[in-house]
Amino acid sequence: MTSPRLITVAAAQLGAIQLNTLRTEVIDRMLNLLGQAKDLDVRLVVFPELALTTFFPRHIIQDPAEIAKYFEESSDENPNALLTNENTRVLFERAKSLGIDISFGYGERWSDKYGKQSHYNTMTYYSAKGGSILAKYRKVHLPGTKEPVRKPNVAEQLEKMFFENGDLGFQAFRVPHLVDGALKANDIDSTRPSTDGKGDPILGMLLCNDRRWPEAWRCYGLQGAELVLQGYNTRGYAPQNPGTPKAQEELAIFHHRLSCQAGSYQNACFSINCGKAGYEDGGLLIASSIIVAPSGKIIAESKTSDDELVVASIDLAECRFNKEGVFNFGKHRVVEHYGRLIEQVGVQEIPLLERDGQ
Ligand code: CDT
């Protein structure tokens with residue numbers, strides 16, 4: 001019988017952030033949600049993708065000084081600048097004083113040691129007890145176009161223009177201090193058959209469009225992930241897409257839930273999926289921030305399109321049922337038939353059939 005591994009977690013959904021909303025206003029809203037989390041004994045709070053600003057890739061912005069306003073600086077010399085920079089420092093200080101781990105998305109401008117700058121759509125994980133950034137994820141699956149479409153009645157999606165593809169892959173990480181009684185490397189002895197599911201929780205991070213790609217979830221599943229954190233800004237309506245605004249929004253929410261529920265179920269992990277919601281710069285973003293169990297069931301969901309804390313108490317030990325059962329990868333994966341998954345990128349249709357009688 002597996003011992004419980006209990007944590008109270010939350011998705012801190014943010015309502016819309018307009019182009020002219022001050023960073024300080026956004027941070028105040030995030031601090032307010034952290035205060036609510038403290039009252040409910042939450043130990044981990046997840047905020048959306050690009051949580052500090054409007055979803056700026058919907059705009060054609062070309063002036064470098066204007067673009068710079070949407071990014072936080074870090075570099076080879078100072079990789080953890082986020083902890084001390086003027087905008088974000090207060091978030092980490094508050095998280096530390098409340099004893100709550102936080103994870104949020106932001107635009108990252110990275111300078112390497114030769115001075116070359118790269119821009120990423122990034123998510124960070126901060127451990128309050130340790131007072132340090134434990135992990136960073138840079139979005140791999142960037143949606144949209146590299147060049148503006150510039151047509152009337154077309155909503156732009158310019159992530160490929162503003163960001164490079166993430167270069168860190170899908171690296172899972174363990175988080176100390178989240179569950180009681182976690183097994184440590186130095187506790188291991190030769191009599192212990194398996195340490196699986198007994199150490200500090202294994203987490204992974206995804207950003208928005210990533211959640212639609214089963215390969216991304218599976219990379220975490222193969223590292224034993226028990227909890228995936230995912231931030232999003234998902235459009236509820238675009239004039240160029242088919243369907244009424246209502247039908248489009250319903251379908252967008254359906255696909256969002258479908259992807260998060262399937263990813264969690266097929267990799268036997270919990271997931272916390274947190275969105276930015278409401279009418280941002282005139283465009284609708286879906287709400288429906290959800291916490292999903294390894295069964296694939298939604299166990300908590302936002303009820304508004306505003307700032308809202310979505311809370312659930314979860315037992316990571318529940319992951320074992322499917323990790324040791326239907327999704328015991330070691331026992332049931334048949335990798336000799338999966339080669340195509342990494343050998344081929346796009347679709348290569350199989351040959352056409354011959355006409356009958358020839
Ligand atoms: N921000 C982001 O990644 N948006 C994408 C748009 C994809 S179009 C279906 C998303 O997955 O919501």
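Read the figures in this text as sums done on the coordinates, not as results from a lab. What you see is a predicted model; the values in this text were computed from it and never measured. Backbone-built Cβ (ideal geometry, glycine too); neighbour counts: all protein chains shown.
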Point to revise | Alpha carbon Rg of the chain, scaled by the compact-globule rule 2.2 N^0.38 Å | key: 1.03
**Study point:** Mean Cα-pair separation over length for the chain, i.e. relative contact order, pairs under 8 Å, 6 or more apart, %
**Key:** 20 percent
Study note, to complete from the structure: Under 5 Å from the placed amide H of residue 281, counting only residues 5+ away or on other chains, we find 19
Study note, to complete from the structure: When the chain is treated as a Gaussian network with springs between alpha carbons less than 10 Å apart, the largest mean-square fluctuation among 323, 139, 113 is found at 113
Review point. With θ set to phi - 60° and the Karplus curve 6.51 cos²θ - 1.76 cosθ + 1.60, what are the ³J(HN,Hα) couplings of segment 132-147 in order, to the nearest whole Hz, using x for Gly and Pro?
Key: 9, 7, 8, 7, 9, 10, 10, 3, 8, 8, 7, x, x, 10, 7, 10
Practice item. Would you kindly calculate the mean projected area, averaged across all directions, of the convex hull enclosing the Cα atoms of segment 294-342, in square nanometres? Key: 6.1 nm²
Review point. Are there chymotrypsin sites (Phe, Trp or Tyr not before Pro) in segment 47-140 that DSSP puts in a loop and that have at most 15 other Cβ atoms within 10 Å, and which ones?
Key: 114
Check your understanding: Regarding segment 121-253, what are the three Cα extents along the principal axes, ordered largest first, in Å?
Key -> 67, 28, 26
Study note, to complete from the structure: Across 10 Å bins beginning at 0, the whole-percent shares of Cα-Cα pair distances in segment 28-135 come to 14, 45, 30, 10, 1
Check your understanding: Build a GNM of the chain with springs between Cα atoms under 10 Å: which of 45, 175, 347 gets the top mean-square fluctuation?
Key -> 347
Review point. Which residue fluctuates the most in the chain, going by a Gaussian network model with Cα springs under 10 Å, if the choices are 150, 340, 23?
Key: 340
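Report the convex hull volume per residue for segment 252-358, counting only C-alpha atoms, in Å³.
201 Å³
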Revision key, fill the gap. Under the Karplus relation with 6.51, -1.76 and 1.60 and θ = phi - 60°, whole-Hz ³J(HN,Hα) for segment 336-349, x at Gly and Pro, equal 5, 9, 9, x, 4, 4, 10, 7, 10, 9, x, 6, 10, 4
Exercise for review: Determine the alpha carbon to alpha carbon distance for each of 38/129; 96/184; 96/129; 136/297 and list only those over 18 Å.
Suggested key: 96/184; 136/297
Practice item. List, in order, the whole-Hz ³J(HN,Hα) value for each residue of segment 59-74 obtained from phi through the Karplus relation with A = 6.51, B = -1.76, C = 1.60 and θ = phi - 60°; use x for Gly and Pro. Key: 10, 8, 10, 10, 6, x, 5, 5, 4, 4, 5, 9, 10, 9, 7, 8
Review point. What is the diffusion coefficient of segment 199-286 in µm²/s, taking the Kirkwood radius over Cα pairs and the Stokes-Einstein relation at 4 °C with a viscosity of 1.567 mPa s?
Key: 94 µm²/s
Check your understanding: What are the principal axis extents of the Cα atoms in segment 260-314, in Å, biggest first?
Key -> 38, 20, 11
Review point. Which value, to two decimals, describes the C-alpha radius of gyration of segment 80-181 once divided by 2.2 N^0.38 Å?
Key: 1.31
**Study point:** Rounded to 5, percent antiparallel among DSSP beta bridges of the chain
**Key:** 60 percent
**Study point:** Between segment 216-283 and segment 39-87, the alpha-carbon center distance in angstrom
**Key:** 21 Å
Review point. Taking Cα pairs under 8 Å and at least six residues apart, what relative contact order does segment 96-255 come out at, in percent?
Key: 18 percent
Exercise for review: Kindly provide the helix-only [θ] at 222 nm of the chain, computed as the sum of -39,500 (n - 2.57) over DSSP H runs of four or more divided by all residues, to the nearest 500 deg cm²/dmol?
Suggested key: -6000 deg cm²/dmol
Practice item. Can you grab the distance from the C-alpha centre of segment 118-133 to the C-alpha centre of segment 291-319, Å, no decimals? Key: 22 Å
